[in-house]
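Enquirer: Could you have a look at this structure, given as structure tokens, before my questions?
What follows draws every value from the coordinates through simple rules; no lab data is involved. Small disclaimer: the values here were computed from a predicted structure and weren't measured. Cβ coordinates were reconstructed from backbone atoms using ideal geometry, including for glycine residues, and neighbour counts include every protein chain displayed.
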Amino acid sequence: MSLSFDKEAIMSTITDGMKMKSQMLKKGITSARVKCPKCDGMLHARLAGRKNHIRFWCDGPCKRQMME
Ligand SMILES: [Zn+2]
């Protein structure tokens, strides 16, 4: 098992995170959950602060996460 993410995983995490962020901003909500496209878990996203920083993570086996 490797501890480092490969480039594709990092890119897909950023893409999914940005997608969720723009949808959340459009809906005017600060937290959301969607089914993870990569595994059986749920993707969680929270927006915080004036600049809408996103914290984004999966609770499933793919373990993707991102903070902006
Ligand atoms: Zn996942």
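Enquirer: Pairing the Cα long axis of helix 7-27 with the longest principal axis of the chain, what angle in degrees results, from 0 to 90 and rounded to the nearest 10?
Expert: The two axes meet at around 20 degrees.
Enquirer: Tell me the label-point distance for the pair Q65, L25, using the 7 Å Cα-to-Cβ offset, in nm and rounded to one decimal.
Expert: 2.4
Enquirer: Return the distance in nm (one decimal) between the two label points of a simple spin-label model at N52 and M11, each offset 7 Å from Cα along Cα→Cβ.
Expert: So the two model labels end up 2.5 nm from each other.
Enquirer: Filter the trypsin sites (Lys or Arg not before Pro) in the chain to those in DSSP coil with at most 10 other Cβ atoms within 10 Å of their Cβ, and list the result.
Expert: Details: sites: K7, K19, K21, K26, K27, R33, K35, K38, R46, R50, K51, R55, K63, R64; in loops: K38, R50, K51, K63, R64.
Filter output for the chain: R50, K51.
Enquirer: Here's a follow-up. Calculate the tail of P(r) for the chain: the fraction of all Cα-Cα distances greater than 21 Å, expressed in %.
Expert: On the way: 468 of 2278 pairs.
When every Cα pair of the chain is considered, 21 percent fall beyond 21 Å.
Enquirer: Using modelled amide H (1.01 Å from N, peptide plane; none on Pro or chain starts), what sits under 5 Å from the amide H of K38, excluding residues fewer than 5 places away?
Expert: none
Enquirer: Can you compute the helix-only [θ] at 222 nm over the chain? Use -39500 (n - 2.57) per DSSP H run of at least 4 residues, normalise by all residues, nearest 500 deg cm²/dmol.
Expert: -10500 deg cm²/dmol
Enquirer: OK, next. Each residue of region 63-68 in order: what ³J(HN,Hα) in whole Hz does its phi give by Karplus 6.51 cos²θ - 1.76 cosθ + 1.60, θ = phi - 60°, with x for Gly and Pro?
Expert: Using θ = phi - 60°, the values come out as 6, 6, 7, 7, 10, 10 Hz.
Enquirer: Normalising by the residue count of region 7-67, find the relative contact order in percent from Cα pairs under 8 Å and 6+ residues apart.
Expert: Normalised by residue count, the contact order of region 7-67 is 27 percent.
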